1. Checking the cross-link filter: which lysines have an alpha carbon closer than 26 Å to that of Lys173, excluding same-chain neighbours under 8 positions apart?
2. I'm a student and want to see the number: the projected area of the Cα convex hull of the chain, averaged over all directions, in nm².
3. Size of the dipole of the chain about the Cα centre, Lys and Arg at +1 and Asp and Glu at -1 on the beta carbon, nothing else charged, in debye to 20?
4. Taking the Cα centre as origin and putting +1 on Lys and Arg beta-carbons and -1 on Asp and Glu beta-carbons, what dipole magnitude results for region 11-52, to the nearest 20 debye?
5. Within the chain, what is the longest stretch that has no trypsin sites (Lys or Arg not before Pro) placed in a DSSP loop and near at most 15 other beta-carbon atoms within 10 Å?
6. Taking the chain as a Gaussian network, where each spring joins two C-alpha atoms under 10 Å apart, which residue of Thr136, Thr151, Thr96 fluctuates the most?
7. Placing unit charges on C-beta atoms (Lys and Arg positive, Asp and Glu negative, everything else neutral), compute the dipole magnitude of region 71-149 about its Cα centre in debye, rounded to 20.
8. Antiparallel as a % of all DSSP beta bridges within the chain, to the nearest 5?
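No value in this document is a laboratory result; all are computed from the given coordinates. In this text, all values refer to a predicted model and were calculated from it rather than measured experimentally. Glycine gets a Cβ as well: all are built from the backbone with ideal geometry, and neighbour counts include every protein chain shown.
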Amino acid sequence: MVNEFDVENPGKEELKKIYNDQKRYPWIFDQLDGYQDFEDKYRMQVIVGIVQKSNPSKVLDNGCGSAVMSRALADAGFGVVGFDISAELLKQIPHTKNLKLVSGDSDELPFRDSSFGCVICSEVLEHIKDNRPAITEIARVLDNEGIALITVPNWSCYDCLDGNFKIVTNSIKAVNAALKVIGRPPIYQYGVDMHFHKMFPWQWRKKLESSGLEVVQDRAVWLFPYIPKFRYVERWVYSVPGIFPLKAWLDDALSGVWPFKYLGIGHLFVCRKSQ
């Protein structure tokens with residue numbers, strides 16, 4: 001498997017080409033049959049739970065990717081619009097009742113003001129160079145009484161370990177080199193870092209609140225200990241009966257408590273439109 005970009009610092013048009021090319025950006029296409037990594041499964045579990053409690057009339061999944069979450073919410077009876085930059089990916093998503101798929105740019109959402117009771121934007125903003133217009137658009141299409149659910153990577157955990165200091169990357173390169181000697185395929189491969197923004201949760205909060213949203217609640221998503229990037233090991237560990245439910249229970253209990261609140265791979269912000 002190859003993750004991340006194959007070019008340095010791609011522009012907006014080049015990004016569109018990458019996201020629409022399965023050979024250049026395969027991992028998101030691999031999720032069409034569902035999430036394989038437990039971090040993703042847990043994040044969706046948390047977001048879907050909040051949506052079910054708020055019971056919005058209409059949901060926008062902004063940057064839906066393979067629409068795993070969009071389809072889950074549509075199957076639960078919610079009216080959902082899955083929105084993504086990759087038209088080619090959306091073409092491969094199975095028809096789902098209550099789900100409409102739309103392709104376009106997140107900084108120019110083709111929807112009326114205040115048209116959604118819930119806007120989900122999960123693991124998207126870090127991939128957009130100038131993401132302030134995208135946040136402003138989320139606020140624009142959000143109903144006055146609605147909620148926006150936004151998740152982003154946490155610099156102090158994931159991006160610090162991998163995106164900056166390459167601790168995980170270099171470890172995997174060493175493992176891959178050993179596997180090559182014995183004629184085995186690599187466990188994981190990297191391209192160019194695809195996160196344009198690496199920030200702490202409080203920095204993300206400041207950006208959200210200066211772009212038309214008010215943060216009413218926030219929490220960590222997928223606390224330590226976690227097994228970064230060694231996906232097959234991680235999948236094996238959390239596939240053991242009882243391990244994933246226990247991890248999810250601990251995360252739910254600790255994710256809003258200091259210092260655990262700031263020790264997740266990602267961070268979730270529950271927002272409302274600034275009045």
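1. Qualifying lysines at Cα under 26 Å: Lys23, Lys198, Lys229.
2. Numbers: hull surface 57.6 nm².
Answer in nm², one decimal: 14.4.
3. 380
4. 180
5. 167-275
6. Thr96
7. 300
8. On the way: 16 of 37 bridges.
Roughly 45 percent of the beta bridges in the chain run antiparallel, per DSSP.
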